[in-house]
Structures are given as C-alpha cells and as structure tokens.
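A.B. asks: Quick one: structure below, then a few questions.
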Amino acid sequence: MRLTTIYRKLLDAHGPMHWWPARTRFEIIVGAVLTQNTSWKNVQKAISNLRREKVLTINKLSGLGESTLAALIKPAGYYNLKARRLLNAVHWWRDNHRNLKDMDTMEIRGKLLAVNGIGPETADSILLYALGRPVFVIDAYTRRILFRLDMGPWDGSYDELRAFFEKRLPSDVGLYNDFHAQLVNLGNNVCRVKPLCSLCPFNNVCPSRKRERN
Ligand code: SF4
C-alpha cells in the first residue's frame, strides 16, 4: 500500500484531526515536552494547571522555579525531569523564537536537538506544529502501525523512518500535520496493543489481521 493510500483511507474514515490542540505556538512547545511518555489526557491536566495559575506565558513560565513548575505539571508524570526539560525548552524558545523565520529547517532542528531534554520526536513536533516546517513526526504509534501493515523500516532508526515518509510524500505541512495526527488517533483508539481490527479502515488488507484470522 502506498502512504498516500493509507492517508486517504484514514482521512475518509475519521475526517481531519485539526491537530495540534493549542491556543498559541508557545503552548505547542509546552505540550510537545509534556507529552513525552504520557497520554494527551494527562498533558491537558498539566496545561490546565498552568493556565489556572496564569503562568502559561514565556515570561511567567521561564521565571518559575523548577520545584514550583514540577508541582504544577505533576499530572503529566516524570514531573521533576519534565520541569527541568520544560524550562530548558522555554528558555530556548524565549531566546530564539524571534530569529527562526529565515533560518533553514535543518539548522533549527540541530539547535533544538542541542537542548537538553529535546529529542527527535519533540524537536520535529515543534518544527511541524509550532513552526510550520515540513518535517514528518515519528512516534511509537507510527512504528506499530507500519509493523502491522508490514511497511517500511518500522524497526529502523528515527531518521530512517522520517526519511521513509518524507521521500514518499509531497513536502506539504498540512499533509504531514494531519497524517501524523491520523496515525496517533489510530494507534491510540484502534490499532492499540490489543487492536480493535473490526473498527479499522485497514481491516481487509492488513497482513497482521490476516495472519490472526488464519
Ligand atoms: S487491521 Fe488491526 S492490526 Fe491492522 S492496522 Fe488495523 S487495527 Fe492495526
């Protein structure tokens, strides 16, 4: 199956995802760090705490102490580690966001990856969703779905998988945005660890599903 066919089937089945659910680019940065190793539901609780305390701004958040921030983001898990990582990301954004407009995408990516606590998935989420750069975001859901559909280098490195998508799709921010969100939605709700194949648009063509039936 071609990647464009997969996307079309997902779009037809579930409609556009309208991801990322944030009010500002800064909120995307915050969410991209908080979502590491946890569900979006938990991230929303942490962001609600920040909003309730009126600290969801660059100046307010970057001025918070690590322990104060950790207490506020507790629902997102790994809160001490994430407080440190979030402050690193917020400080980076505060110091750099005005200078990114004319910078090459891979140059920004390199700078993001140099921030302690920002790995490839977080960096690419920021690039795609906050900065509108055509970078395909890879996550655990993407690997699982590719594995089950028997497609691509599902067990390859992060960059191999990213290149697999980027070489086969037009360089289109809107497409990358919604395609990644569709994969997250499928992995979260249908192609789970215990898959709900009867609800899946690939039910009749999925090799993993066929193996299970035989
Ligand atoms: S048919 Fe089942 S295993 Fe295959 S992609 Fe869909 S949910 Fe996953």
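The values are calculated or read from the model by the stated rules, or taken from the named source; none is laboratory data. The structure displayed is predicted, hence computed values, not measured ones. Because the Cβ atoms are built from the backbone with ideal geometry, glycine has one as well, and the counts that use them run over all protein chains shown. SASA here: full protein model, heavy atoms, side chains in, ligands and nucleic acids out. Shrake-Rupley method; radii C 1.70, N 1.55, O 1.52, S 1.80 Å.
A.B. asks: So, of the residues in the range 146-164 that are more than 14 Å from the ligand (Cβ to nearest atom) and either in contact (Cβ under 8 Å) with a residue 24 or more places away in the chain or touching a Lys or Arg at 6+ places or on another chain (Cβ under 6 Å) (or both), which turns out to be nearest to Leu11 (Cα to Cα)?
C.D. replies: Ranking the qualifying residues of the range 146-164, first place goes to Arg162.
A.B. asks: Give Leu56, Leu64, Leu50 a once-over and let me know the one that is among the hydrophobic types (A, V, I, L, M, F, W, C), farther than 27 Å from Asp172 by Cα and out of contact with any helix residue (DSSP H, G or I) (no Cβ under 7 Å at 6 or more places or on another chain).
C.D. replies: Being among the hydrophobic types (A, V, I, L, M, F, W, C), farther than 27 Å from Asp172 by Cα and out of contact with any helix residue (DSSP H, G or I) (no Cβ under 7 Å at 6 or more places or on another chain) holds for just one of Leu56, Leu64, Leu50, which is Leu64.
A.B. asks: Testing Lys60 on (1) outside the structural domain of Cys200 (by TED's automatic domain parsing); (2) open to solvent by less than 80 Å² (accessible area, probe 1.4 Å), one condition comes back false. Which one is that?
C.D. replies: With (1) outside the structural domain of Cys200 (by TED's automatic domain parsing); (2) open to solvent by less than 80 Å² (accessible area, probe 1.4 Å) applied to Lys60, the lone miss is (2).
A.B. asks: Sticking with this structure for a sec: Does Arg143 satisfy the criteria of being within 16 Å of the ligand (Cβ to nearest atom), without any contact (Cβ under 8 Å) to a residue 40 or more places away in the chain, in contact with an Asp or Glu (Cβ under 8 Å, 6 or more places away or on another chain) and open to solvent by 30 Å² or more (accessible area, probe 1.4 Å)?
C.D. replies: yes
A.B. asks: Just for the range 89-126: of the residues that are among the polar types (S, T, N, Q) and either farther than 18 Å from Glu27 by Cβ or crowded, with 20+ Cβ neighbours inside 10 Å (or both), which one is modelled with the lowest pLDDT?
C.D. replies: Asn99
A.B. asks: Scanning the range 180-214 for residues that are of a type in the set (S, T, N, Q) and within 10 Å of the ligand (Cβ to nearest atom), which turns out surrounded by the most Cβ atoms within 10 Å (Cβ to Cβ)?
C.D. replies: Ser208
A.B. asks: Residue check, Lys167 against (1) within 12 Å of the ligand (Cβ to nearest atom); (2) at negative phi, all met but one. Which one?
C.D. replies: The number of the failed condition is (1).
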